[in-house]
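Here the structure is laid out as structure tokens; the discussion comes afterwards.
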């Protein structure tokens with residue numbers, strides 16, 4: 001009997017192959033082909049994975065966090081991390097370690113997006129179901145990292161769909177989105193996504209402020225095709241297009257403002273794996289354009305701005321030895337730019353002579369990663385770059401980067417990093433109100449490339465069987481040739497307006513401390529992030545020393561995020577945000593000149609708005625939830641205790657000053673999500 005049981009056990013383990021080794025007279029049996037057995041193991045997954053200087057965020061995991069008006073917003077989640085500017089309702093950009101938003105490169109599958117926001121940063125342009133992960137680099141960049149002073153954020157599309165066709169979607173109170181993944185044979189997949197808003201149907205009153213009536217809508221479209229021609233090759237084609245339309249009307253002051261903007265990002269990439277290495281090549285084309293139309297009484301001014309880039313990047317990574325890896329490559333980008341053009345009824349206001357400019361950017365890079373011992377690794381890189389501007393200017397720079405890793409234990413690591421960074425793309429703005437009235441411009445005779453010398457010391461550790469993790473980082477960045485604008489959108493109605501006249505060019509210092517504590521396992525999960533940071537600027541024309549605050553400077557940022565899977569049907573989440581008030585330039589005097597309202601302002605960014613704080617709650621109810629299907633409802637409450645957060649301060653046509661607050665009330669939302 002024991003022998004019989006032993007033989008049966010071997011049959012189960014070997015799938016029947018052991019039968020050929022058993023004598024025929026041992027016991028009677030019939031040969032039969034067993035069905036395929038699939039063993040499913042429930043594996044613990046993290047919302048965030050920190051590896052090799054990069055933080056990888058699982059987009060699907062964001063479903064448990066509070067939503068704003070029913071939508072999942074990867075950008076709003078990103079702004080809760082330590083070292084990243086905390087978002088308010090009108091702060092649209094991503095500000096990493098005190099750098100401006102245009103210092104950070106944000107991309108979809110390698111194609112940059114230059115204005116990655118819908119109105120006021122309230123809504124992300126990214127349809128969450130279309131993407132698998134979000135990679136974030138805050139510091140310790142290798143030589144492969146492009147010419148930017150800040151960080152890098154890349155959205156990576158889904159791939160390897162398991163079924164012939166499926167559908168994911170979300171229907172909320174402000175819009176609806178749908179993603180259709182398709183498996184085309186065994187070697188290719190196609191993901192199509194679309195989203196359209198109808199925010200004006202239920203929430204139009206929330207967008208109105210200080211007497212202005214607002215109409216707004218937006219659309220987003222994504223497509224990603226991946227193909228595996230061989231086991232060692234992968235080809236990916238990606239495309240994104242988004243467009244927005246905003247109209248603001250004030251019947252009392254007879255001011256009408258119309259704003260239109262759109263984004264395009266496309267990329268084609270190929271990756272080949274070979275023994276001990278890989279070869280990657282990627283090409284992209286991206287573009288952004290906006291159009292602002294301002295009408296005041298009998299005066300009408302149109303302003304437009306555009307930026308486009310086309311580029312290719314190719315690199316080879318080779319493991320020379322088990323402890324030594326080399327990465328080398330080349331990158332080329334061609335930028336096209338129309339900074340800011342005006343057309344006006346009054347010929348004296350027109351300024352359409354800027355025209356289209358271009359800039360060539362070429363870079364080589366070499367990176368060496370060496371594991372000297374169990375307790376010491378280092379990475380050294382060089383990135384020489386050449387820029388050729390439209391007016392014949394030539395800029396040359398060499399960017400060295402060095403990282404020293406000290407693995408104290410397999411769960412604890414200290415890293416010291418230093419590097420030099422350059423950037424020939426600039427941006428300034430006409431408002432601080434989260435509207436796409438910012439304009440890009442390229443380096444030329446008047447504007448040399450910006451530069452940053454960066455130094456950071458970081459620690460990452462995990463405790464109690466990886467249930468808890470702690471990270472902190474000290475950073476310092478010395479900036480050169482940074483720009484800000486003292487102009488505002490009302491100056492477009494003044495005679496002879498020139499955006500170059502309002503530019504401030506100077507130096508900057510960013511320094512601070514980032515802390516983040518995470519609870520990764522258990523009934524209750526979440527994290528606490530805190531940033532203490534300074535983003536100070538020095539402009540000779542305004543003051544001596546580093547006494548001017550950058551427009552995105554917030555001294556303290558605290559975020560607490562919690563979530564729990566209460567049962568198979570219910571999951572809940574909460575988010576609390578507390579941040580110092582953002583700086584602004586106070587209007588001090590207004591007067592009439594030739595029938596027009598003129599303003600005089602105080603010290604640039606010399607005043608602070610009140611403290612910002614907000615609590616959001618969310619709950620998901622799953623009607624169906626298994627490996628292939630999901631159906632449920634999301635209930636979210638934004639600004640639970642209805643705190644009135646001041647977003648920005650504006651002068652009005654009747655010589656008064658208004659503190660503008662959006663969503664100064666409880667905002668509930670209900671959305672219906674599904675995946676089949």
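Of (1) at pLDDT 90 or above; (2) in a strand (DSSP E or B), residue 170 satisfies all except one. Which? Here residue 170 meets the rest and fails (1).
Quick one: is residue 314 over 21 Å from residue 124 (Cα atoms) and either part of a strand (DSSP E or B) or not assigned by TED's automatic domain parsing to the domain that holds residue 125 (or both)? The answer is yes for residue 314. Residue 491 meets each of the listed conditions (1) under 23 Å from the mean Cα position of the chain (by Cα); (2) at pLDDT below 85 apart from (1). Report whether or not residue 219 is over 28 Å from residue 296 (Cα atoms), in contact with a strand residue (DSSP E or B) (Cβ under 6 Å, 6 or more places away or on another chain), at pLDDT below 95 and surrounded by fewer than 20 Cβ atoms within 10 Å (Cβ to Cβ). So residue 219 fits the description; yes.
Candidates 197, 139, 204, 159: the one that is modelled with pLDDT under 90, farther than 29 Å from residue 631 by Cβ and in contact with a strand residue (DSSP E or B) (Cβ under 6 Å, 6 or more places away or on another chain) is 139.
Comparison of 502, 526 shows that the only residue that is at pLDDT below 95, assigned by TED's automatic domain parsing to the domain that holds residue 255 and under 23 Å from the mean Cα position of the chain (by Cα) is 526.
Kindly evaluate residue 107 against the criterion of being farther than 27 Å from residue 578 by Cα, in the same structural domain as residue 317 (by TED's automatic domain parsing), at pLDDT 90 or above and outside any loop (DSSP other than H, G, I, E, B).
yes
The condition (being in a strand (DSSP E or B) and modelled with pLDDT under 95) is satisfied by just one residue among 407, 436: 407.
Within segment 335-348, identify whether any single residue is at pLDDT 95 or above and either over 26 Å from residue 443 (Cβ atoms) or out of contact with any strand residue (DSSP E or B) (no Cβ under 7 Å at 6 or more places or on another chain) (or both), and answer yes or no. Within segment 335-348, none of the residues are at pLDDT 95 or above and either over 26 Å from residue 443 (Cβ atoms) or out of contact with any strand residue (DSSP E or B) (no Cβ under 7 Å at 6 or more places or on another chain) (or both).
The values are calculated or read from the model by the stated rules, or taken from the named source; none is laboratory data. As the structure is a computational prediction, the values presented were derived from the model and not from experiment. So basically every Cβ, Gly included, is an ideal-geometry build from the backbone, and we count neighbours across all protein chains shown.
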